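A.B. asks: Structure provided below as structure tokens; questions to follow.
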Amino acid sequence: MIQGIETVILLFFSNIMMTIAWYAHLKLGQFEWFQRWPLILVILLSWGIAFFEYCLQVPANRLGFEGNGGPFSLMQLKIIQEVITLLVFVLFSMAVFNMQLHWNHVAAALCLILAVYFVFGF
């Protein structure tokens, strides 16, 4: 049980890092000083942030995978990852980009809940 909780926590924080690596440069692009950065520097910045994401994501998958004594199958790990990814992205987009949720976003979330239901075989 503890390995499962630790896995989810690590995946949650790794997704925060990856979301920042993928999308924060779009927000930073609003600043004139950042607009002057060449694309290669923006890429290197994102890669630098993504390095820390991998430092959390790889141990999470190793810890959580049933082949290593963890509680989750490979398919379950992937579904957990996708649900966390979308949850983190929604929160990030609302907080940083002032995006609003619409009915289709809620419908997509319900589909993810169904995916979790089916992959865990409840």
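A.B. asks: Can you find, among 101, 74, 33, the residue farthest towards the positive end of the dipole of the chain? Put +1 on the C-beta of Lys and Arg, -1 on that of Asp and Glu.
C.D. replies: Of the listed residues, the answer is 33.
A.B. asks: Just from its helices, what would the mean residue ellipticity at 222 nm be for the chain, if runs of 4 or more DSSP H residues each count -39500 (n - 2.57) and the sum is divided by every residue, rounded to the nearest 500 deg cm²/dmol? Show your work: numbers first, answer last.
C.D. replies: Details: 5 runs with 99 residues, N = 122.
So the calculated ellipticity at 222 nm is -28000 deg cm²/dmol.
A.B. asks: With +1 on each Lys and Arg Cβ and -1 on each Asp and Glu Cβ, and nothing else charged, work out how big the dipole of the chain is about its Cα centre, in Debye to the nearest 20.
C.D. replies: Working: 4 positive and 5 negative charges, 31 e Å.
Charge dipole of the chain: 160 debye, to the nearest 20.
A.B. asks: Mind checking the range 1-79 for trypsin sites (Lys or Arg not before Pro) that DSSP puts in a loop (not H, G, I, E or B) and that have at most 12 other Cβ atoms within 10 Å?
C.D. replies: Taking the range 1-79 and a limit of 12 other Cβ atoms within 10 Å, the loop trypsin sites (Lys or Arg not before Pro) found are 36.
A.B. asks: Past the 20 angstrom mark, what percentage of all C-alpha to C-alpha distances in the range 39-122 do you count? It would help to have the intermediate numbers written out before the result.
C.D. replies: Working: 1801 of 3486 pairs.
Roughly 52 percent, once rounded to a whole number.
A.B. asks: Hey, another quick one. Given H placed on each backbone N at 1.01 Å, which residues far from residue 99 in sequence or on other chains put an amide H within less than 5 Å of it?
C.D. replies: Close amide H contacts, sequence-distant or interchain: 94.
A.B. asks: Further question: With a cut-off of 8 Å between alpha carbons and a minimum separation of six or more residues, what is the relative contact order of the chain in percent?
C.D. replies: Numbers: 96 pairs, mean separation 39.4, N = 122.
Across the chain, relative contact order equals 32 percent.
Read the figures in this text as sums done on the coordinates, not as results from a lab. This structure is a prediction, so every number in the text was calculated from the model and none was measured. Ideal geometry is used to build each Cβ from the backbone, glycine not excepted, and the neighbour counts take in all protein chains shown.
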